[in-house]
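Undergrad: Pasting a structure here, questions to come.
FYI, it's all coordinate maths here, none of it is from the lab. Values in this document were obtained by computation on a predicted structure and should not be read as measured data. Heads up, the Cβs are rebuilt from the backbone with ideal geometry, glycines too, and the neighbour counts pull from every protein chain shown.
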Amino acid sequence: MNTLAALPFLPDAVIFDMDGLMIDSERVSVACWSQAAEEFGLTLERSFFLGMVGFGDRDCRAMLRRHLADDAQVDAMSERCHLLYDERTHAGLPLRPGIVELLELLKAHDIPRAVATSTRQPRADRKLEAAGLLPYFHAVVTSSDVSRPKPEPEIYLLAAQRLGHAPARCLALEDSPAGIRAALGAGMTAIQVPDLVHPDDAVRALGHRIAGSLHDVRQLLQPWLGKAPVAAL
């Protein structure tokens, strides 16, 4: 059952996904993929590109290869998509509702914060900087730093390691099913704040919390502030 149950402990650290959770970028990404496909004379449903949400570049290319079976076309289309994306995001993107308030709350209470994103470097830092979010974080871990990106747990394990905290004492915040699987696989308490892709029955069966917004996440943390941490349940 997926209800917004109270958190059983105050996390030692909070690890954030980036695209779709903090930055309203997934709509731009899907639009760029759609435009690139159209320019190459391809007809792909929007649902196909929604299926890429939360995955890294390598996995997205693999999805395209399974569908198109033409490596040269896939590579050219991917490069065109990235060019379109960089052009559209150069000046920054809107923030998701509640992210600044949540980060300010965590900062005020000295709770360490990291990013774990499927975006590669240096694009990840550029996007965080353009959005004004980079100074909030003690570590930024990207798919460039791991051999097995989301939905594998490696990126979350590395983020916890860089913050110096046990994964079981970390809270992970995600919007996508792939990201939630990665966070849960790392043994973290995870909250999903869906954006474009809403959890289906299989994802809900994972048993994590699903919040309507980052404002709801902040409300879950509020009762613990000022209390001493206790053992995770």
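Undergrad: From Cα pairs below 8 angstrom and at least 6 apart in sequence, can you work out the relative contact order of the chain, rounded to a whole percent?
TA: Numbers: 392 pairs, mean separation 71.6, N = 233.
For the chain, the relative contact order is 31 percent.
Undergrad: Can you give the translational diffusion coefficient of segment 145-207 in µm²/s, computed by Stokes-Einstein from the Kirkwood radius over Cα pairs at 10 °C and 1.306 mPa s?
TA: Stokes-Einstein gives a translational diffusion coefficient of 135 µm²/s.
Undergrad: For the chain, what does -39500 (n - 2.57) per DSSP helix run (n ≥ 4), summed and divided by total residues, give at 222 nm, in deg cm²/dmol to the nearest 500?
TA: Values: 10 runs with 99 residues, N = 233.
When only DSSP H runs of four or more count, the value is -12500 deg cm²/dmol.
Undergrad: Follow-up question, since we're still on this one. Go through segment 123-128 residue by residue and turn each phi into a ³J(HN,Hα) via Karplus (6.51, -1.76, 1.60, θ = phi - 60°); whole Hz please, and just put x for glycine and proline.
TA: Coupling constants for segment 123-128: 4, 4, 5, 4, 5, 5 Hz.
Undergrad: How far, in nm, would the chain grow between residue 62 and residue 35 when pulled straight, counting 0.36 nm per residue and subtracting the alpha carbon separation?
TA: 7.8 nm
Undergrad: Need one number: nm distance between label points at residue 144 and residue 161, each 7 Å from Cα along Cα→Cβ, rounded to one decimal.
TA: If labels sit at residue 144 and residue 161, their model points lie 1.8 nm apart.
Undergrad: Remind me, relative contact order of segment 91-173 in percent, using alpha carbon pairs under 8 angstrom and six or more residues apart?
TA: 28 percent
Undergrad: Could you work out the relative contact order of segment 26-89, using alpha carbon pairs under 8 angstrom and six or more residues apart, expressed as a whole percent?
TA: 45 percent.
Undergrad: Determine the gain in length on full extension of the stretch residue 101-residue 5; use 0.36 nm per residue of separation and subtract their C-alpha separation, reporting nm with one decimal. Before the final figure, lay out the partial values.
TA: Working: separation 96, 0.36 × 96 = 34.56 nm, distance 2.09 nm.
Net length gain for the segment: 32.5 nm.
Undergrad: I want to verify the translational diffusion coefficient of segment 26-89 in µm²/s; compute it with Stokes-Einstein, Rh as the Kirkwood radius over Cα pairs, at 25 °C and 0.890 mPa s.
TA: In µm²/s, the coefficient is 212.
Undergrad: Determine the gain in length on full extension of the stretch residue 73-residue 134; use 0.36 nm per residue of separation and subtract their C-alpha separation, reporting nm with one decimal.
TA: Stretched out fully, the residue 73 to residue 134 stretch lengthens by 18.5 nm.
Undergrad: When Kirkwood radius over Cα pairs in Å is calculated directly from the model, which label among (1) 18.1; (2) 18.6; (3) 19.8 fits?
TA: (1)
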